[in-house]
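Here's the structure we're looking at; comments come further down.
Bear in mind that the values in this text are calculations on the coordinates, not laboratory data. From a predicted model like this one, the values you see are computed outputs, not experimental measurements. In this analysis, Cβ positions are derived from the backbone assuming ideal geometry, glycine residues included, and neighbour counts consider all displayed protein chains.
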Amino acid sequence: MVRRIRPAAFAAGLLFSSVLSCTTTRPVVPSFRRPSADDVMERASDRYLAGDLSGARDLFLRGAEASATSHERADAWYWHGRCELSLGRLEEARCSFAAALRAAEDAMPHRVRLDVRRDLMARILVGLADVARMQSKDADSLSHLRRIESEGLAARVDGGEFAYRKAAAYEALDRAGPARKHYLRAARLLRASPLSAEARRRAARLARARYLATAGVYSARSSAENVARELKSRGVEAEVESFAAGGRYAVALGSYDRYEDARAAAAEASAHGFPASVTPHRPGRERAVP
């Protein structure tokens, strides 16, 4: 079956659906035979593209019931969940995404390409994170996003939107330091999107951090960049910052409002063999190096 729709984008805390255009011809279903799962999913896709979310929802449900494989059922349940979410039926959307996740986890690896399975898992977990966020279950939303990272699926989703989702979850949990860090990351990755300006605005509003976590200070910028690059390769977010005076370069792990968050960031870097520390953050003492 031709895939003709892509996951919804998450902008400024709100969910917006977006779709891809398609010029393929829909197969004609003879009246003397029962429509196959592919036929039903094709019709559901057309309804979704036409903006008929209620009609698409019903057809995606029929597609899930008619699908012969776990992977096909997972895909149908995922899009059923997206329809429910767009219609504001949050609990129904959560149940649909949960059904999609169960089906995806049951999919036989040898029958579905690994990259296809991983793409589907990433989309489903993002869907669960979105509905949890809209239900004000921010800890659950963050948990789904962290699972995406822990299972190596982050590369399967848009990096800027993923960072924005994490930032919104952290902000809702009153964790200003991580929220600001991820908003700034989202702003860098979403430069061509209006969401970039919103991310910067939110980061500026949260710019009241009191603690700075660093993994070393170096006199040579190249040394600091090497450490930051190595940390990033191990999944630890790190940036090089230069002090306004003294010609020294710090490997910054983020600025935080809570000491506990700063210590957690330092501990993560230390666990990878790069001793890190926490110091009081003094605005204006350093500036980010582009």
Original post:
Between R221 and R234, what length in nm is gained on full extension when 0.36 nm per residue of separation is reduced by their alpha carbon distance?
Top reply: 2.6 nm
**OP:** Could you calculate the contour length gain from R146 to A197, that is, 0.36 nm times the residue separation minus the distance between their Cα atoms, to one decimal place in nm?
**Re:** 15.9 nm
**OP:** Over 17 Å, how big is the tail of the calculated P(r) for the stretch 86-208, in percent of all Cα pairs?
**Re:** 59 percent
Original post:
Just for the Cα atoms in the stretch 188-266, what are the lengths along the principal axes, largest first, rounded to whole Å?
Top reply: 37, 30, 30
Original post:
Most exposed first by the Cβ proxy, i.e. fewest other Cβ within 10 Å, how do D115, D257, D130, D38 rank?
Top reply: D115, D38, D257, D130
